[in-house]
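I have placed the structure first, in the form of structure tokens, so that the comments after it can refer back to it.
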There are 2 protein chains.
Amino acid sequence: MSLRFEITQTNGTARRGCLNTPHGPVETPVFMPVGTQATVKGVPQHVLEELEVQILLGNTYHLYLRPGVDLIRKLGGLHRFMSWPRAILTDSGGFQVFSLSDLRKVNEEGVTFRSHLDGSSHFLSPEKSVEVQIGLGADIIMAFDECTEYPAEPKRIRDSMELTLRWAARCKKYFEEHKDEVPWSYQQSAIGPQAVSSFEFQVSRSLDRPQNSNQESDTRNSTQALFGIVQGGMDRALRKESAERTIEIGFDGYAIGGLSVGEPRTLTREIVESTLEYLPRDKPRYLMGVGTPEEIAAYAKLGIEMMDCVLPTRAARHGLLFTSEGKISIKQSRYATDQSPLDPNCSCRVCHRYSRAYLRHLYAANEVLAQVLNTIHNLFYYLDTMRRVRHSI
Amino acid sequence: MSLRFEITQTNGTARRGCLNTPHGPVETPVFMPVGTQATVKGVPQHVLEELEVQILLGNTYHLYLRPGVDLIRKLGGLHRFMSWPRAILTDSGGFQVFSLSDLRKVNEEGVTFRSHLDGSSHFLSPEKSVEVQIGLGADIIMAFDECTEYPAEPKRIRDSMELTLRWAARCKKYFEEHKDEVPWSYQQSAIGPQAVSSFEFQVSRSLDRPQNSNQESDTRNSTQALFGIVQGGMDRALRKESAERTIEIGFDGYAIGGLSVGEPRTLTREIVESTLEYLPRDKPRYLMGVGTPEEIAAYAKLGIEMMDCVLPTRAARHGLLFTSEGKISIKQSRYATDQSPLDPNCSCRVCHRYSRAYLRHLYAANEVLAQVLNTIHNLFYYLDTMRRVRHSI
């Protein structure tokens, strides 16, 4: 079994449950912090553990370019490479590649693109994306899709959806033929017994959860889970068709893609609500790239299990902090002598120890600690928001 | 009492002891990490506590310019501002000001200089430096001296030494007249009872050392300690004279300044050894701006109590790491697939969890976590070096 999904509580449309992955349990609904280049920018892994992060998102596009999948595979996969013993999900690389609008060319086979790092030319196809994601070895991997731009003409939306469906079937086929190649199963021989035993020791020491105490055997009897992605632009009928035909191919979970691409927020919500009607109730549902704290709470209540967004981490780097009393731009001079914590209702390490005045100084002085502390706070705020939603279900 | 210094063990010239400061004990010999702008770049305060840092160095020049002494004084001093409950030492600002060679003018009264931040004009004198340092409220503050350049003519060295002696007397006088103005004694009224009680709570929660459980009364009955600085260039006779005349003025401890300014390492050591002969055995001795791990161990064995240096933190930011097997430049491609820890003999968090391959990736990808983890390792290495020296005495 690659992924066991249990629903333990429901409340209206909302569902509370657990994703049991080869690298431990993930309580749902869950917010997944983004660790683009095998790191959540500025935050050590033990702090992510303290924050009770149970699943991280890694970006296939970035990891494929640097340090490269061959290196990560050789070193036993992404978990071992970054010393993160809990669950990981990788995206397919599709979204990043489509964001390189001037640097890419799409055809039936896949996408040719140029690296943003050095301009070198690369090719990603459904098969290649899955191959790379198997090499990275996340617990959950995503089908390679085309994220339809917004706005788009009806014909363009249908063509793009059809392409995504053909690619989904190719992803599924490649995955079924190659899923045993995940680096968990051969890491011992690949890097030598000493390195492995030392790593296993580290994993068990850094992880205090009994579920993972026999982690090695868990991973050795497991494969990754592959999720399909529903497209169809802002057209409800196409979303329905995309959902039904994606389910027909058959995946371990279903994502709603192609949203948060510039459309009005009310439209996003309408499309999510209508798409959810067609997704199986016994599989996890993942809304990609969403959103603000209010949005993640609202979508969790609609029945979404998983969400990811760069907002908490990126905003932190720009001094924008989420609090129970609204957003704070810590660079403002009004905070220069403010002795109170960022958020008086927050129990994170940062609010517990530091004043707004100090955080404002760190930001104004361009100190790296500003980024570190701001990111810890914003992640805590997002994770705590989701914790509250789970408890309310 | 401002500072109680106890020697508990001696071994040849080496001394093991404890500096009892208003903000807790400091076991000596000690290496003091540099926290220039009220932060050790990239490292949260709770990690510094985990590393068993007992005293930090703050830079008066930088803090005077940003966020400014009035702000820090108003907020209760540097300890409260940065939420650091353990000991702090501030330098006088002299060294930084003298480093601005094109931007400063020295006369009998003091030094006029231009800010490196915005070019604004400022004036530091012995009185002003001590006034600023009282406002910052470190446990140990330094006399304002002139750091003689190297090489220098005999007359220049003497004139500079005489100026430092006159300034030392002015520092002492100003300090004696104003030492009760340290912000510890009036912080309650300055920021309101609620903020104080919340802060005291944080201090006691973040600090697990029983010595500090009645910290408030400790600081309220204490003043800062003022250290004098011995100059005299590379001239042993002048060093002797400087030491004797500085001792005559009378300070709580004595620093050896004007070294590590470009002279050969053997000369540094000769001057330190000869100067130490003239420093009182019952007072702490501080060698400023030194050095490599080998040097800090060697000088501790000669009888130096305190050292500071930007080397471990600055080198970390450039990917230069100190290990028991020598220096490592982590950017080198030879580490790209190296699964071993940075230093197999190191028990720090970083060596415990991460591989050289991962640290190399973080550095190559210009990730902030590289700086954070590298700094934690280098500081641990320095602190552990000093811990071993203490145990060997």
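Each row is one residue, and each column tells you yes or no for (1) open to solvent by 10 Å² or more (accessible area, probe 1.4 Å); (2) touching a strand residue (DSSP E or B) at 6+ places or on another chain (Cβ under 9 Å); (3) closer than 20 Å to residue A:223 by Cα.
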site	(1), (2), (3)
A:15	no, yes, no
A:39	no, no, no
A:61	no, yes, no
A:70	yes, no, yes
A:80	yes, no, yes
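Could you check segment B:125-236 for helices (runs of 4 or more DSSP H) lying wholly inside it with 2 or more residues that are at pLDDT 95 or above and either surrounded by fewer than 24 Cβ atoms within 10 Å (Cβ to Cβ) or among the polar types (S, T, N, Q) (or both)?
Details: elements: B:126-136, B:154-178, B:187-191, B:193-206, B:215-220.
By residue number, B:126-136, B:154-178.
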* segment B:1-13, residues that are of a type outside the set (Val, Ile, Thr) and assigned to a loop (DSSP other than H, G, I, E, B) -> B:1, B:2, B:3, B:12
* Structure fact -> Condition set on the phi < 0 side of the Ramachandran plot and in contact (Cβ under 8 Å) with a residue 40 or more places away in the chain, scope segment B:237-252, selection surrounded by the most Cβ atoms within 10 Å (Cβ to Cβ): answer is B:242
* Asked: If you take the residues in segment A:92-112 that are open to solvent by 20 Å² or more (accessible area, probe 1.4 Å) and touching a helix residue (DSSP H, G or I) at 6+ places or on another chain (Cβ under 7 Å), which one is farthest from residue A:33 (Cα to Cα)?
  -> A:104
* To do: For segment A:271-307, enumerate the residues that are open to solvent by 20 Å² or more (accessible area, probe 1.4 Å) and touching a strand residue (DSSP E or B) at 6+ places or on another chain (Cβ under 6 Å).
  => A:283, A:288, A:301
* When only residues in segment A:340-361 that are at the interface with chain B (Cβ under 8 Å from one of its Cβ atoms) and within 29 Å of the chain's Cα centre (by Cα) count, which is farthest from residue B:45 (Cα to Cα)? -> A:352
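Restricting attention to segment B:41-59, which residues are closer than 19 Å to residue B:222 by Cβ and in contact with a Lys or Arg (Cβ under 8 Å, 6 or more places away or on another chain)? Don't jump to the end; show me each part of the working.
Going residue by residue through segment B:41-59, those that are closer than 19 Å to residue B:222 by Cβ are B:54-56, B:58.
If the condition is that a residue be closer than 19 Å to residue B:222 by Cβ and in contact with a Lys or Arg (Cβ under 8 Å, 6 or more places away or on another chain), then B:54, B:55, B:56 are the ones that fit.
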* Structure fact -> residue A:370 vs (1) within 7 Å of chain B (Cβ to nearest Cβ); (2) open to solvent by less than 10 Å² (accessible area, probe 1.4 Å): all pass except (1)
* Asked: Which of the residues spanning segment B:89-121 are on the phi < 0 side of the Ramachandran plot and within 16 Å of the chain's Cα centre (by Cα)?
  -> B:89, B:90, B:91, B:92, B:94, B:95, B:96
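Taking the stated definitions as given, is residue B:289 away from every other protein chain (no Cβ under 14 Å), touching a Gly at 6+ places or on another chain (Cβ under 9 Å) and not acidic (Asp, Glu)? Steps first, please.
Numbers: away from every other protein chain (no Cβ under 14 Å): yes; touching a Gly at 6+ places or on another chain (Cβ under 9 Å): yes; not acidic (Asp, Glu): yes.
In short, yes.
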* All positions within segment A:319-331 that are open to solvent by 20 Å² or more (accessible area, probe 1.4 Å) and within 14 Å of chain B (Cβ to nearest Cβ) -> A:331
* Output for segment B:14-29, where each listed residue is part of a strand (DSSP E or B) and closer than 27 Å to residue B:183 by Cα -> B:18, B:19, B:20, B:21, B:24, B:25, B:26, B:27, B:28
* Residues being closer than 22 Å to residue B:9 by Cα, β-branched (Val, Ile, Thr) and within 14 Å of the chain's Cα centre (by Cα) - total across segment B:267-321 -> 2
* Being within 17 Å of residue A:368 (Cα to Cα), surrounded by fewer than 24 Cβ atoms within 10 Å (Cβ to Cβ) and modelled with pLDDT of 95 or more, is that true of even one residue in segment B:339-357? -> no
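Here's the yes/no breakdown for (1) among the β-branched types (Val, Ile, Thr); (2) in contact (Cβ under 8 Å) with a residue 40 or more places away in the chain; (3) within 14 Å of chain B (Cβ to nearest Cβ):
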{"residue": "A:14", "(1), (2), (3)": "no, yes, no"}
{"residue": "A:32", "(1), (2), (3)": "no, yes, no"}
{"residue": "A:44", "(1), (2), (3)": "no, no, yes"}
{"residue": "A:49", "(1), (2), (3)": "no, yes, yes"}
{"residue": "A:126", "(1), (2), (3)": "no, yes, no"}
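The values are calculated or read from the model by the stated rules, or taken from the named source; none is laboratory data. The shown structure was predicted, so the numbers you read here are calculated from the model rather than taken from an experiment. Don't worry about glycine lacking a Cβ; one is built from the backbone with ideal geometry, like all the others, and counts go over all protein chains shown. For the accessible areas, the whole protein counts, side chains as well, though only heavy atoms, and no ligand, DNA or RNA atoms are used. Shrake-Rupley method; radii C 1.70, N 1.55, O 1.52, S 1.80 Å.
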